[in-house]
Structures are given as C-alpha cells and as structure tokens.
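First comes the structure, then the notes that go with it.
The values are calculated or read from the model by the stated rules, or taken from the named source; none is laboratory data. Values in this document were obtained by computation on a predicted structure and should not be read as measured data. Every residue, glycine as well, gets a Cβ built from its backbone with ideal geometry; the counts of neighbours run over all protein chains shown.
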Amino acid sequence: MDSIAPLPATTLRVSPSRGWIRTSLGLSLIFLFLPWQGWGLWIRPDATALLLIYWGIFEPTEMGAGRAFLLGLLSDVAQSHVLGIHALTYSTLFILVQYYRPRILSFYRLNQMLHVLMLLLLTQWLEGLVDGSLGYSWPNWSWWVIQPLLGALSWPFLPLLLERASRPAAPPQSP
C-alpha cells in the first residue's frame, strides 16, 4: 500500500500569482535599462526571453503571444532598437515554446537546457537576420553564441529563483 501514499508537500508545486509573473517580467525589462557597456553587452543574457520560455512552459494560461508581442515592443523601446524586432522574435519564441512544451516538460531540468539553448539561438538568429536585412552591420560570432549559451546555463537556476521568491512565507511553528 506504500505506492498510493500521498506525495510530500515539498514535491508539490505552488502556482505563482499573476502579480508575481508580471513583476518578474517587469524586472526583466528594467534589467534592460541598466547601463551596459563594452563586454557587458556581450555577456548579458536575454532575461525577458528566458522568462517568456519559463512562464510559457510552466504557466501557459497566464502568458500568450499577445503579451509576448507587447513585451517585445517594450524591449525595443528600452533598448532604442528598431520597433518590432523583439516583438517578432518574442512572439515567434512563445509560439515555439507552446509547440515544444510537452517535449520540454518530459525532460529533467539539465536536459531542458539544450532545448532552451536551441530556442535562444533561434531567437538570436532571427533578430540578427532582421537586423542584417535592414542594413545594420552583422554582429561578430560572440554575439551569436555567448548570450544564448549564458542564458541556457542559467536555466537550471531560474526555476529555483522564481519558485522560491513566489512561495508564501511559512507560518511560524508553535512549540
């Protein structure tokens, strides 16, 4: 009869509030306003894309392609970029996340990292392709590889951070 024992409370996942999801996405946009210079621009992972992937996988009812598009427009404004490039890439990213969601959820966190890397590489490639077609200079190889790689390497730690921050405080234990 041990096989039908209830799961311990530590294995159950508490769904975060809508406010926490919006706050995390807002903080990722504020992250773009920081004064990045030189090599900092090359190693800064796309936090908004990472959060779109995370919330698109674990809370798909709270996200949508429209919100991804709006976040892309706000990201373009924050980075003084051509209006619509991030909106296109984030909308495409969200649609791909929804398509591959069952597959990604079937793996452990470390194996999910490879899927996240491919999604981030595709997002970076699409942004670079649109930039290049508009006549901007092509970025060097480090822009194509380092940001998506650092974003994928941070994937196993992202759920720990987001779930711990969204968890309500435990009630005090009485003696």
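Below, the figures for the structure above:
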| read-out | value |
| --- | --- |
| The stretch 13-54, subset of a type in the set (D, E, K, R) and farther than 20 Å from Arg164 by Cβ, residue modelled with the lowest pLDDT | Arg44 |
| Residues located in the stretch 69-85, provided they are over 12 Å from Leu29 (Cα atoms) and in a helix (DSSP H, G or I) | Phe69, Ile85 |
| Cβ-Cβ under 6 Å pairs, at least 6 apart or on other chains, the stretch 147-173 side at pLDDT 85 or above and surrounded by 15 or more Cβ atoms within 10 Å (Cβ to Cβ), far side part of a helix (DSSP H, G or I) and polar (S, T, N, Q) | Pro148/Gln124 |
| Any chance Tyr136 is out of contact with any Ser or Thr (no Cβ under 6 Å at 6 or more places or on another chain), among the aromatic types (Phe, Trp, Tyr) and in a helix (DSSP H, G or I) | no |
| Hey, Tyr90 part of a helix (DSSP H, G or I), out of contact with any Leu (no Cβ under 7 Å at 6 or more places or on another chain), modelled with pLDDT of 95 or more and among the hydroxyl-bearing types (Ser, Thr, Tyr) or not | no |
